[in-house]
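Chemist: Quick one: this structure, given as structure tokens, is what I'll be asking you about.
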Amino acid sequence: TEESGYRFQKYRTPACKTCPVKDQCTSRKGGREIDRSEYADAVEENNKRYKANQQLYRKRQEINEHIFGTIKRKWGYNHTNL
């Protein structure tokens, strides 16, 4: 876990040790290491939905999102429960 409380899965491979282009990929002595959040799948799905409906999301931002920003910034609430 990180300081944020999210859990991450670390991925490593021993193939990095013998890779001829390792220096172009990473400066880490043990090879490349990738951290993947427990929510990475959900983030990817959300990005796909956004890209498929960009105009809809832009309209939502115009209509709804500024209200929550006003509540948070002007009225002193730092989070909302929806």
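Chemist: I'm told residue 19 meets every condition in (1) surrounded by 11 or more Cβ atoms within 10 Å (Cβ to Cβ); (2) under 12 Å from the mean Cα position of the chain (by Cα); (3) not β-branched (Val, Ile, Thr) except one. Can you identify the failing condition by its number?
Modeler: It is condition (2) that residue 19 fails.
Chemist: Where residues in region 1-16 are in contact with a Gly (Cβ under 8 Å, 6 or more places away or on another chain) and not in a loop (DSSP other than H, G, I, E, B), which of them is surrounded by the most Cβ atoms within 10 Å (Cβ to Cβ)?
Modeler: Among residues in region 1-16 that are in contact with a Gly (Cβ under 8 Å, 6 or more places away or on another chain) and not in a loop (DSSP other than H, G, I, E, B), the one surrounded by the most Cβ atoms within 10 Å (Cβ to Cβ) is 16.
Chemist: OK, next. Considering only region 59-82, state which residues are loosely packed, with under 11 Cβ neighbours inside 10 Å and basic (Lys, Arg).
Modeler: Answer for region 59-82, where residues must be loosely packed, with under 11 Cβ neighbours inside 10 Å and basic (Lys, Arg): 73, 74.
Chemist: Please name all residue pairs, on different chains or six or more residues apart, with Cβ atoms under 9 Å, provided the first residue is in region 41-57 and is open to solvent by less than 90 Å² (accessible area, probe 1.4 Å) and the second residue is in a helix (DSSP H, G or I) and basic (Lys, Arg).
Modeler: From region 41-57, the pairs are 57/49.
Chemist: State all residues of region 24-40 that are assigned to a helix (DSSP H, G or I) and open to solvent by 100 Å² or more (accessible area, probe 1.4 Å); if no residue qualifies, say none.
Modeler: Hit for region 24-40 is 24, nothing else.
The values are calculated or read from the model by the stated rules, or taken from the named source; none is laboratory data. The shown structure was predicted, so the numbers you read here are calculated from the model rather than taken from an experiment. All Cβ positions, even for glycine, are placed from backbone atoms using ideal geometry, and neighbour counts span all protein chains on display. The accessibility values were calculated without ligands, DNA or RNA, using every heavy atom of the protein model including side chains. Shrake-Rupley method; radii C 1.70, N 1.55, O 1.52, S 1.80 Å.
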